[in-house]
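In what follows, a single structure is set out as structure tokens and then discussed.
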Amino acid sequence: MAVRIDETRHVGESRLGKRQPNSAPRLVRGIDENAHTEALEKQMTDEAVLLNRITVRADIFGGKPIIRDMRIAVEHVLGKLAAGDTAETILGEYPFLEPEDIQACLVFAHRSLAGEHVHERIGVREAS
């Protein structure tokens, strides 16, 4: 009994897996690979912009990460979120915060837990 092996190729790929010129874009999980790559690059850029909101100053909270050089620690915002407070509640309690500040705290936490060296990427300011 012969076993038939079905070949699976993406649109625009030849038998050897090489892209054919002027062919349709390659699909990844049903979406255009170029669009997927562009979306990931935009997300990384957006996250980098958000991380710029997180700073470290030796004279504030002993050098813990803070939001925009203000006396509010990333740890505090994350603790409030973990305790069940919503972003809207936190913004109401701290009117000087912006929604992007809370998002920046979440990005910082995510990147830290993912094993990235986020502390090397955030701004360190001299004590004033």
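Taking the numbered list (1) within 22 Å of L113 (Cβ to Cβ); (2) surrounded by fewer than 18 Cβ atoms within 10 Å (Cβ to Cβ) in turn, M70 passes all entries but (1). The condition of being modelled with pLDDT of 90 or more and among the aliphatic types (A, V, I, L, M) holds for only one of L78, L113, that being L78. How many of the residues making up the range 50-67 are within 22 Å of P99 (Cα to Cα) and aromatic (F, W, Y)? Total meeting the criteria: 0.
The values are calculated or read from the model by the stated rules, or taken from the named source; none is laboratory data. For clarity, every value in this text was computed on a predicted model and none was experimentally measured. As a convention, Cβ positions derive from the backbone with ideal geometry for all residues, glycine included, and neighbour counts pool all protein chains shown.
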